[in-house]
Amino acid sequence: MTSVAGVIDKEELEMFRGSVIKALETEVTPHYEAWEQSGIVPRELWNTLGNAGMLCVDVPEDWGGCGAPFQYSVVVGEEMARMGFGALSTNVMVHSDIVAPYLSHLGNEEQRQHWLPKMVSGEAVGAIAMTEPGAGSDLQAMRTSAVKDGDEYILNGSKTFITNGQHADMVIVAAKTDPKAGARGISLFLVDTSLPGYSKGRNLDKIGQHSGDTSELFFSDMRVPASALVGEEGQGFMYLMRELPRERLVIGALGVAAARGALDLTIAYAQERELFGQKLAQLQNTRFEIARMETDCRVNRAFIDECISLYEKGELDAPTASMAKYSATEMQCRVADGCLQLFGGYGYTSEYPISRAFIDARVQRIYGGTSEVMKEIIARSVLGKA
């Protein structure tokens, strides 16, 4: 899937994009509204996506993947977001672009061989559990504990806002192995959700991304084997910081794609809708607003592409990834709001997809690190700590 010296073959990438679009039009478009109404996608959708080659596409072939370049994985999420499937793009991003890389980069061979082929096929759904009721962006404040007991660890605690929590077969859990060590006391564990002591709470009722599987998780004297430890004990916080740039970059990419989809809908609407005897697209305000939003999309697209290139070369740092997420998701919300305004009253009805683009956009500025946290990370890189 690459040409000479690892350069992406753009023609092959666009062919892959076309296959993703076709699969989504066939397997998702006819059902998505019903899934939004029911509040969750069916579990078998994961197997369907796996069979279509849309999960964990950049996982190396040795562990069941295609070994495709990172951009191929981005394309899957982008097309889901562009087509208005915000919840699905989030769920797949967590599975393919967060959980799978933790295993690829940090797991041992046994962990990789056991879980990654299943994640590629959709047989296993992955989730990551960092956030707690009292610890969101401040990961050092987490209370979930993992106490060593012979050749096992005993997990106790709870997590919330966990994407894929209802369907997850495996969860990467961040827990305190040394409560007195601060950030150096956090470790990561691969938790098999079939083990005793694990339970899931309700699927949280959200204002947007309704079909997104977002849950509370509980660990009550749950025993996991010592082999479930990811990497080294006490290195969990460092691992989280190392992997977060990809997560934030992909969230930014989804934001740009979702904005593009919303704007395309609005451009088409403006060219059809009549107001005061003219097409909406002929009115100066409409033209200026669309010009503003088109520029916003193009500028952020260019920055996201630059960041993708940096990531592929191993050069994307945390501040730059934070800029990508901050800029793209703030832009996504501006564009979604501007587009809904041009739809007028129709934009406020659920019959028009633009309303979903608006409400689905809002969480993008929160998960993966809030905009406020992103600004602090960026400021520290420029000004140092206050």
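Here are a few things to note about the model shown:
- Proximal lysines relative to Lys385, as straight alpha-carbon distance under 24 Å, when same-chain residues fewer than 8 apart are discounted: Lys180, Lys325, Lys375
- D_trans [Stokes-Einstein, Kirkwood Rh over alpha-carbon pairs] for the chain, 37 °C, 0.692 mPa s, µm² s⁻¹: 152
- Built amide H within the under 5 Å cut-off of Glu132, gap 5+: Thr160
- Rg and Dmax, both from the Cα atoms of the range 128-234 and both in Å, are 13.4, 45.
- Evaluated with a Cβ-only charge set (Lys, Arg +1; Asp, Glu -1), the range 1-127 carries a dipole of roughly 160 debye about its Cα centre, given to the nearest 20.
- Computed from backbone phi, the HN-Hα couplings of the range 150-162 come to x, 9, 9, 10, 10, 9, 9, x, 8, 10, 9, 6, 8 Hz, rounded to whole numbers (Karplus: 6.51 cos²θ - 1.76 cosθ + 1.60, θ = phi - 60°; Gly and Pro given as x).
- GNM top mover of Asp58, Asp151, Asp337 - the chain, alpha-carbon springs below 10 Å: Asp151
- Given charges at beta-carbon only (K, R positive; D, E negative), |dipole| of the range 237-383 in Debye: 120
- Per-residue Karplus couplings for the range 75-88, computed as 6.51 cos²θ - 1.76 cosθ + 1.60 with θ equal to phi - 60°, are listed in order as 4, 4, x, 4, 5, 4, 5, 4, 7, x, 9, x, 5, 5 Hz, Gly and Pro entered as x.
- Distance cut-off 16 Å, percentage of C-alpha pairs in the range 258-341 lying past it: 56
- Between helix 109-121 and the chain: long-axis angle, C-alpha atoms, 0 to 90°, nearest 10: 30
- Placing +1 on the Cβ of every Lys and Arg and -1 on the Cβ of every Asp and Glu, with nothing else charged, gives the chain a dipole about its Cα centre of roughly 1120 debye.
- Share, in percent, of DSSP beta bridges within the chain that are antiparallel, nearest 5: 85
- Alpha carbon centroid spacing (whole Å) that separates the range 131-188 from the range 227-290: 30
- GNM result for the chain, Cα springs below 10 Å: residue of Ala291, Ala52, Ala270 fluctuating most strongly: Ala291
- Only helices enter this figure: runs of n ≥ 4 DSSP H residues, each worth -39500 (n - 2.57), summed and divided by the residues of the chain, yield -16000 deg cm²/dmol at 222 nm to the nearest 500.
- Each residue, Arg298 and Arg184, gets one label point 7 Å from its Cα in the Cβ direction; the gap between the two is 5.2 nm.
- Calculated from backbone phi, Karplus (6.51, -1.76, 1.60) coupling profile of the range 304-315 in Hz, x at Gly/Pro: 4, 4, 4, 5, 4, 4, 4, 4, 5, 8, x, 10
- Most mobile listed residue (Thr370, Thr160, Thr29) in the chain, GNM with C-alpha springs under 10 Å: Thr29
- Considering only Thr144, Ile154, Leu188, and ranking their Cα positions along the charge dipole of the range 128-234 that arises from unit charges at the beta-carbon of Lys, Arg, Asp and Glu, the one farthest toward the positive end is Thr144.
- Overall Cα dimensions of the range 167-229 - principal axes, largest extent first, Å: 38, 26, 17
- Highest average packing first - 140-148, 310-318, Cβ atoms within 10 Å: 140-148, 310-318
- Shape call, the range 185-274: gyration tensor on alpha carbons, a/c limit 1.5: oblate
- Spatial separation of Cα centroids for the range 21-97 and the range 323-386, in angstrom: 22
- Only alpha carbons enter this Debye calculation for the range 237-383, each as an equal point scatterer, and the log10 of I(q)/I(0) it gives at q = 0.14, 0.18, 0.21 Å⁻¹ is -0.68, -0.96, -1.17.
- Cα gyration tensor shape for the range 1-112, rounded if a/c is under 1.5, else prolate or oblate: oblate
- Each other residue within a Cβ distance under 12 Å of Val28 adds +1 if Lys or Arg and -1 if Asp or Glu, for a net charge of -4.
- Residues whose amide H comes within less than 5 Å of that of Met170, counting only those at least five positions distant or on another chain, are Val125, Ala127, Thr193 (H built at 1.01 Å from N in the peptide plane).
Every number in this text was worked out from the coordinates using simple rules, so none of it is lab data. All values derive from a computational prediction rather than experimental measurement. Glycine gets a Cβ as well: all are built from the backbone with ideal geometry, and neighbour counts include every protein chain shown.
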